[in-house]
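The values are calculated or read from the model by the stated rules, or taken from the named source; none is laboratory data. From a predicted model like this one, the values you see are computed outputs, not experimental measurements. Note that each Cβ is placed from the backbone with ideal geometry, even for glycine, and that neighbours are counted across all protein chains shown.
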Amino acid sequence: MITVSLQQLQQTTITLNTPAQEDKVGTRIMAKYTINHTCGHQVTIQLFGAYKDRERRIAYLETCECDECRKAKANAAAAAAKEERGLPELTGSEKQIAWANTIREQAYKALDCLKPFSTNDKTEIMMDDWKAKMDAHTESKWWIDKRYVMPKPFDFSRYIHIPEKKMGMEKSAAGTIVHEFINLFK
């Protein structure tokens with residue numbers, strides 16, 4: 001039997017066998033890794049979990065752009081789409097406007113997903129009404145607050161490759177998008 005006093009226990013340091021790196025000062029930091037993204041930026045992240053899972057995550061992250069570059073591209077694409085669609089300017093801070101433009105563009109893409117299913121004038125009128133309601137909201141705050149209930153575009157080709165089932169899935173997803181738009185403007 002091993003007996004350890006409380007004083008000995010408080011003075012004992014436990015070292016774990018996990019990969020560690022040295023930071024700029026030279027102290028050891030556990031489970032922090034420097035990721036070299038494809039955009040050229042380096043980001044230090046902290047990862048948890050099994051070593052093989054961390055290595056797999058690092059390998060994946062090194063094939064992607066950093067979050068800042070990804071967001072900047074999405075914001076630039078949304079701003080270009082805003083100009084192309086002729087949408088009204090949003091109000092708010094620069095960051096809010098960029099973020100809200102991205103959210104608004106997703107909503108317009110979701111509305112575009114419904115175009116193949118607009119079979120009559122009533123559907124066209126309903127979609128035009130939704131566009132008018134979306135255009136009426138020019139505060140970035142509204143778009144950001146509604147981001148979780150905002151309909152998202154659905155890329156049918158990514159999820160199903162059987163032509164017979166594709167149409168049924170498209171109708172179901174289109175129905176979901178319609179339902180989300182109805183709830184959005186209640």
Options 133, 122; residue that is modelled with pLDDT under 85, within 19 Å of residue 177 (Cα to Cα), of a type in the set (Lys, Arg) and out of contact with any Leu (no Cβ under 7 Å at 6 or more places or on another chain):
122
Residues of the range 144-167 satisfying the condition of being modelled with pLDDT of 55 or more and either surrounded by fewer than 10 Cβ atoms within 10 Å (Cβ to Cβ) or over 19 Å from residue 123 (Cβ atoms) (or both):
144, 145, 146, 147, 148, 149, 150, 152, 155
Of the criteria (1) in a loop (DSSP other than H, G, I, E, B); (2) farther than 30 Å from residue 139 by Cβ; (3) more than 20 Å from the chain's Cα centre (by Cα), which one residue 56 fails
(1)
Can you tell me which residues in the range 90-119 are under 17 Å from residue 151 (Cα atoms) and among the basic types (Lys, Arg)?
104, 109, 115
Working only within the range 91-126, note down all residues that are over 20 Å from the mean Cα position of the chain (by Cα) and either surrounded by 17 or more Cβ atoms within 10 Å (Cβ to Cβ) or part of a loop (DSSP other than H, G, I, E, B) (or both).
92, 93, 114, 118, 119, 120
